[in-house]
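Structure first, commentary second.
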Amino acid sequence: MAAVGLILIGKLVAERRFRDTGLESAFNTVASQVISAIPQTQLRESSSFPEPDQGEALQLLSIHTKLGAAQLEILSTGLISLLDWFLTQATKPRVSVVSYLNTVPLVWGMLHGEQRDLFDLSFAIPAECADRLESGLADIGIVPAVELNRQKLEIIRGAGIACHGPVRSIFLISKVPYAQIRKLATDSTSRTSVALSRVILARKYGVQPQVQSHAPHLPSMLENADAALIIGDAALVLDPADLPFHVLDLGAEWVQMTGLPMVFAVWAARAELPAQDPGPFLQSMRFGRAHIDDIARSEHLKVGVSEDLARSYLRDNIVFELGDREYAGLKTFLQYASELRSPVEGRKVTA
């Protein structure tokens, strides 16, 4: 087992499969321990290094493919356990998760339930999650909806982030009437919300403002712009009633304008992967939905809101289970987004 483990791990490292996870370093450490435990005379007899520029991992692999089983039995029980862990990591899909409160129920089962050992999770802002899939650093992700117009991805149906009315975490805040907005400062962390704001302003208010990306800080955003787009946890800490500006909840605006739910994010996988079983994603979400009280209690201080607000937001504003109406809303949004003045390349979505 140990010999097969080392050879397989070396092959994966050589293919640069795990460059982003630090596993290359772990492999080299393990392999070095194996080599140090074997008499140097045996190593000299069995080793034939490839060219140096092929890297340390390939050199180590070359050694291990030539060593016999007897030598590899020198591995201790602890080292074999480490190899078992390594091989487990090698088979887990790499899943990129948005680091917002509204995604916690989606992965609650992956963190605390029966799906806990199925995935290798990492957390990032929405735009970075999409970029990790595009670059190959992740296999599956909670993908901002508009990315389906840009990347070749396969939707994993059943779970996502949507609303049937006010979403409470996506605000367009304006110093002027909406039809007079000429400059819009947008939160740089979400492409879907930016596209949604542009769709609503163009279709409902007849304006196509200049858009400038900005860190999510309302006062500085409004210094040089007529309006600002604030999303996610940064929006949750705001009370619209206390703001001396015009405030649109873009979830409510979309539903009123189209009569359809708004889908902000979906589970999706890189198109070249085998078809994904939606079961674990649905089960993880349903486990989270059944533990909203626990999530609100554990997460509200991290966001900076009260436990009651976190609970009501997750229960009353966010829809986590997606059906035919949600996917119809998604299809409509992608069509509208593709028709903006500077369109993202469109892709037909069948959902």
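Read-outs: derived from the displayed coordinates by stated rules, not from any lab. From a predicted model like this one, the values you see are computed outputs, not experimental measurements. Glycine gets a Cβ as well: all are built from the backbone with ideal geometry, and neighbour counts include every protein chain shown.
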Here, trypsin sites (Lys or Arg not before Pro) of region 140-245 satisfying both criteria (DSSP loop; at most 13 other Cβ within 10 Å) are LYS152, ARG182
Charge context of ASP324, other residues only, Cβ under 11 angstrom, K/R +1, D/E -1
+2
Region 224-321: GluC sites (Glu not before Pro) falling in loop per DSSP and having at most 10 other Cβ within 10 Å
GLU272
So, over other residues within a Cβ distance under 13 Å of PRO278, counting Lys, Arg +1 and Asp, Glu -1, the net charge is -1
What ranking of MET221, MET262 emerges when the number of other C-beta atoms within 10 Å of each C-beta is taken as an exposure proxy, fewest first?
MET221, MET262
Tell me, PHE264, PHE320, PHE171 in order of fewest to most beta-carbon neighbours within 10 Å?
PHE320, PHE171, PHE264
Note the per residue figure in Å³ for the convex hull of the C-alpha positions in region 162-209.
91 Å³
What's the local net charge at ARG157, with K and R +1, D and E -1, over the other residues with C-beta under 14 Å away?
-3
Other-chain or far-sequence residues with amide H under 5 Å of GLY158's (modelled H)
LEU322
Mind listing the phi-derived Karplus ³J(HN,Hα) values for region 115-132, rounded to whole Hz, using 6.51, -1.76 and 1.60 with θ = phi - 60°, and x for any glycine or proline?
8, 4, 9, 8, 9, 9, 8, 9, 10, 7, 5, x, 4, 6, 4, 4, 5, 5
Residues LYS331, LYS92, sorted so that the one with the fewest Cβ neighbours within 10 Å comes first:
LYS92, LYS331
